[in-house]
1. Checking the conditions here, which among A:Gly110, A:Gly152 is on the phi > 0 side of the Ramachandran plot and not in a strand (DSSP E or B)?
2. For the stretch B:12-37, give me the residue count where each residue is touching a residue at least 12 places away in the same chain (Cβ under 8 Å), away from the ligand (no atom under 16 Å from the Cβ) and out of contact with any helix residue (DSSP H, G or I) (no Cβ under 6 Å at 6 or more places or on another chain).
3. For the stretch A:52-73, what are the residues that are farther than 12 Å from A:Ile118 by Cβ and either aromatic (Phe, Trp, Tyr) or buried (at least 23 other Cβ atoms within 10 Å of the Cβ) (or both)?
4. Confirm whether A:Ala92 is closer than 23 Å to B:Lys94 by Cβ, part of a loop (DSSP other than H, G, I, E, B) and either out of contact with any helix residue (DSSP H, G or I) (no Cβ under 8 Å at 6 or more places or on another chain) or more than 9 Å from chain B (Cβ to nearest Cβ) (or both).
5. Specify the residue that is nearest to the chain's Cα centre (by Cα); the eligible residues are those in the stretch A:155-191 that are part of a loop (DSSP other than H, G, I, E, B) and touching a residue at least 60 places away in the same chain (Cβ under 8 Å).
6. Looking at B:Gly47 and the list (1) within 14 Å of chain A (Cβ to nearest Cβ); (2) surrounded by 15 or more Cβ atoms within 10 Å (Cβ to Cβ); (3) under 15 Å from B:Thr5 (Cα atoms), which single condition is not satisfied?
7. Identify all residues within the stretch A:114-128 that are out of contact with any Leu (no Cβ under 7 Å at 6 or more places or on another chain), within 14 Å of chain B (Cβ to nearest Cβ) and in contact (Cβ under 8 Å) with a residue 12 or more places away in the chain; write none if there are none.
8. Answer yes or no: is there a residue in the stretch B:66-77 that is in contact (Cβ under 8 Å) with a residue 12 or more places away in the chain, more than 9 Å from chain A (Cβ to nearest Cβ), within 16 Å of the ligand (Cβ to nearest atom) and within 14 Å of the chain's Cα centre (by Cα).
Amino acid sequence: MSRPEHQAPPEIVYGGDEAAKYTGNSRIAAIQAEMAARAVELLNLPEGYPGYILDVGCGSGLSGEVLEEEGHVWVGFDIAPAMLEVALEQEATGDLFLQDAGQGMAFRPGTFDGCISISVLQWLCNADKTSHHPKARLTRFFSTLYSSLRRGARAIFQFYPENDDQVQLIMGCAVRCGFEGGLVVDYPNSKKAKKFYLCLFAGQEVNGVKQQ
Amino acid sequence: MRLITHNMLQCHVKGCNANNFPLELQEVVLEQEEAELNEDFLRNMLGKIEYEALVATCLKLDINDLPAAMPADAAYNDEFLQILHRVILETHIKSGKMVCPNCQHIYAIRDGIPNMLLAEHEV
Ligand SMILES: [Zn+2]
């Protein structure tokens, strides 16, 4: 089967029918929840610390549920209105936005204690419109994300890189925007279970003092 | 969208970098939804809230419960934390619009969801 990001833009691929299917499929939901739990773990927040967390590409709110269970307050955005509609039907507890990650985001500096994103990042490497330049969109995304995180916070992206070039492109853009970090690979020897997590750090928290 | 999140938003139109906060709420419909009080979370947020802007926004929405200045002992002032909780975590904006005070861009809110999409020339 071809990769979904090769078929059409995300708001089309995850249109009405697909949004319901995606959310109603218990196997997909279970895998999503598992990856979200792993991403939250990689955020490495202090035990019992209730954070204000951003979910990039929140979809129907599956990963938001995981954040909620961990005691966090979350804010999510997605470019697919049909997915957000499902999130509303499911009474998602986070604040939802209709937003395109490639256009950057509108949060004040230092807003979030962390960011997670499940199965989204590879979409940003697409050029769905002639005006889309993946490098420019990735740069706008990472630079505004960097600013919206408090210093020392992490952003964890589970994603499906197509090849090494794509990883290099993404990593290069993130580093130019100030992030440090690297790739965590779970189950590296299993073709099916193998999962990639890009772990980015937004600067350092020096001696517990937040550097803005 | 809860009022806490509105307090974290600024305009993100290209080149709109000054006087772009807070986005002015117009024609809003509000709804109160009960939520569990989480004092640790509120304490965590105290340093991030732009309090003056929050109070000003609330006054325009006829929410007069917050003191004009944040109490010095805010983190352990139970009465204040309860009011703050009610205002920023239980007050939801269901519909309306947010207008940038600088470039006048209008972000519409429908079903509680702000539309943050920009036109090509605004990116
Ligand atoms: Zn503006």
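The values are calculated or read from the model by the stated rules, or taken from the named source; none is laboratory data. Here the structure is a predicted model, which is why all the values come from computation and not from measurement. Virtual Cβ from ideal backbone geometry, glycine too; neighbours counted across all protein chains shown.
1. Every option except A:Gly110 fails the conditions.
2. Qualifying residue count for the region: 8.
3. A:Tyr52, A:Ile53, A:Leu54, A:His72, A:Val73 - these are the residues of the stretch A:52-73 that are farther than 12 Å from A:Ile118 by Cβ and either aromatic (Phe, Trp, Tyr) or buried (at least 23 other Cβ atoms within 10 Å of the Cβ) (or both).
4. So A:Ala92 fits the description; yes.
5. For the stretch A:155-191, the residue satisfying everything is A:Tyr160.
6. If we test B:Gly47 against (1) within 14 Å of chain A (Cβ to nearest Cβ); (2) surrounded by 15 or more Cβ atoms within 10 Å (Cβ to Cβ); (3) under 15 Å from B:Thr5 (Cα atoms), just (2) comes out false.
7. Across the stretch A:114-128, the qualifying residue is only A:Asp128.
8. Checking the stretch B:66-77: not a single residue is in contact (Cβ under 8 Å) with a residue 12 or more places away in the chain, more than 9 Å from chain A (Cβ to nearest Cβ), within 16 Å of the ligand (Cβ to nearest atom) and within 14 Å of the chain's Cα centre (by Cα).
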